[in-house]
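The values are calculated or read from the model by the stated rules, or taken from the named source; none is laboratory data. Predicted model, so just to flag it, every value in this text is computed and none were measured. In this analysis, Cβ positions are derived from the backbone assuming ideal geometry, glycine residues included, and neighbour counts consider all displayed protein chains. These accessible areas exclude ligands, DNA and RNA; they are computed on the full protein's heavy atoms, side chains included. Shrake-Rupley method; radii C 1.70, N 1.55, O 1.52, S 1.80 Å.
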Amino acid sequence: MANPLHLDELNLSTGKKARLYRLLYGFGPKNGTLMILPIDQGLEHGPRDFFDAPESQYPGFQFRIALEGQFSAIACQIGLAQKFYPSFAGQVPLILKLNGKTEIPSDEGPISPLIASVEDAVRLGAEAVGYTLYVGSPRQDEDFAQFREVREEADRYGMPVVVWAYPRGAAVEARGGKDTIYAVDYAARVAQELGADVIKLNVPKIEPEKRSLAPK
């Protein structure tokens, strides 16, 4: 396995490098590890994620967890960021999620529409923006075009882009499913090729009887 490049070795703008340094070495473990507390599940899953912990229904509780738990950042949608982040600004970094969807429509052809902008992230004092990319979806062409706009705007503002790279869609399922090494590895490479600065992936599941990694 190749040794990972240090931040100083990457060709990044001053703004992106400064923000990434704060995320990786100024908060959280402070050793180059990025530990994010994501609270975008309210949009993605509805209220069911909060049933077992009623106190978590109040977003301020989760912002306090991010602060007291010494996370590198908290990631959330714009509604929560605008109402609750001002009380924690400067104490825990913000990653503003720029797109999102509900789980109500079928997952066979998903796309996550934009609901915020990089300019919103700058206004709120965010250290990075987050984007969910569905690799393999039948609507992948729309997703790529939408992400290009985000990347271009992030480059103008010197804002790092964290991509949640998720394999999705019927074609992915036909090749073994979204949790195979083939699908997860492909999603990671696509996010890198499109210009992600940080990539968030699910851990692949390896089953001995399903060891084929690529389509025939």
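Consider the range 169-204. How many of its residues are more than 29 Å from L20 (Cβ to Cβ) and of a type in the set (A, V, I, L, M, F, W, C)? Outline the logic, then answer.
The first filter runs over the range 169-204 and keeps only residues more than 29 Å from L20 (Cβ to Cβ), leaving 169-177, 180, 182.
Next, only the ones that are of a type in the set (A, V, I, L, M, F, W, C) stay: 170-172, 174.
Looking only at that region, the number is 4.
Could you check how many residues of the range 13-41 are polar (S, T, N, Q), over 23 Å from I115 (Cβ atoms) and either assigned to a helix (DSSP H, G or I) or open to solvent by less than 30 Å² (accessible area, probe 1.4 Å) (or both)? Explain how you work it out, then say what you get.
Looking only at the range 13-41, we keep the residues that are polar (S, T, N, Q), and these are 13-14, 31, 33, 41.
Now drop any that are not over 23 Å from I115 (Cβ atoms), which leaves 13-14, 31, 33.
Filter once more, so that each one left must be either assigned to a helix (DSSP H, G or I) or open to solvent by less than 30 Å² (accessible area, probe 1.4 Å) (or both): 14.
So the count comes out to 1.
State whether the residues of the range 92-104 include one that is out of contact with any Asp or Glu (no Cβ under 8 Å at 6 or more places or on another chain) and of a type in the set (G, A, S).
no
Which ones in the range 86-101 are more than 16 Å from the chain's Cα centre (by Cα), surrounded by fewer than 22 Cβ atoms within 10 Å (Cβ to Cβ) and touching a residue at least 24 places away in the same chain (Cβ under 8 Å)?
Of all residues in the range 86-101, those more than 16 Å from the chain's Cα centre (by Cα) come to 86-92.
Still in the list and also surrounded by fewer than 22 Cβ atoms within 10 Å (Cβ to Cβ): 86-91.
Passing the criteria: S87, F88, A89, G90, Q91.
Answer with yes or no whether A75 is open to solvent by less than 40 Å² (accessible area, probe 1.4 Å) and either among the small types (G, A, S) or in a loop (DSSP other than H, G, I, E, B) (or both).
Values: open to solvent by less than 40 Å² (accessible area, probe 1.4 Å): yes; either among the small types (G, A, S) or in a loop (DSSP other than H, G, I, E, B) (or both): yes.
So A75 passes the test.
Evaluate the range 6-27: report whether one residue or more is over 28 Å from E153 (Cβ atoms) and not acidic (D, E).
Filtering the range 6-27 for residues over 28 Å from E153 (Cβ atoms) gives none.
Taking every residue of the range 6-27 in turn, none turns out to be over 28 Å from E153 (Cβ atoms) and not acidic (D, E).
Among the residues of the range 108-148, which ones are among the charged types (D, E, K, R), over 21 Å from L37 (Cβ atoms) and either in contact (Cβ under 8 Å) with a residue 24 or more places away in the chain or surrounded by 16 or more Cβ atoms within 10 Å (Cβ to Cβ) (or both)? Lay out the reasoning, then the answer.
First, pick out the residues of the range 108-148 that are among the charged types (D, E, K, R): 108, 119-120, 123, 127, 139, 141-143, 148.
Going one step further and asking which of them are over 21 Å from L37 (Cβ atoms), we end up with 108, 119, 123, 139, 141-143, 148.
Scanning the range 108-148 gives E108, E119, R139, E142, D143, R148.
Any residue in the range 180-191 that is surrounded by fewer than 15 Cβ atoms within 10 Å (Cβ to Cβ) and without any contact (Cβ under 8 Å) to a residue 40 or more places away in the chain?
Restricting attention to the range 180-191, the residues satisfying the condition of being surrounded by fewer than 15 Cβ atoms within 10 Å (Cβ to Cβ) are 189.
From what is left, the residues that are without any contact (Cβ under 8 Å) to a residue 40 or more places away in the chain are 189.
Yes.
Quick one: which helices (runs of 4 or more DSSP H) lie wholly within the range 119-212 and hold at least 2 residues that are of a type in the set (F, W, Y)?
Helices (runs of 4 or more DSSP H) meeting the threshold: 140-157, 181-194.
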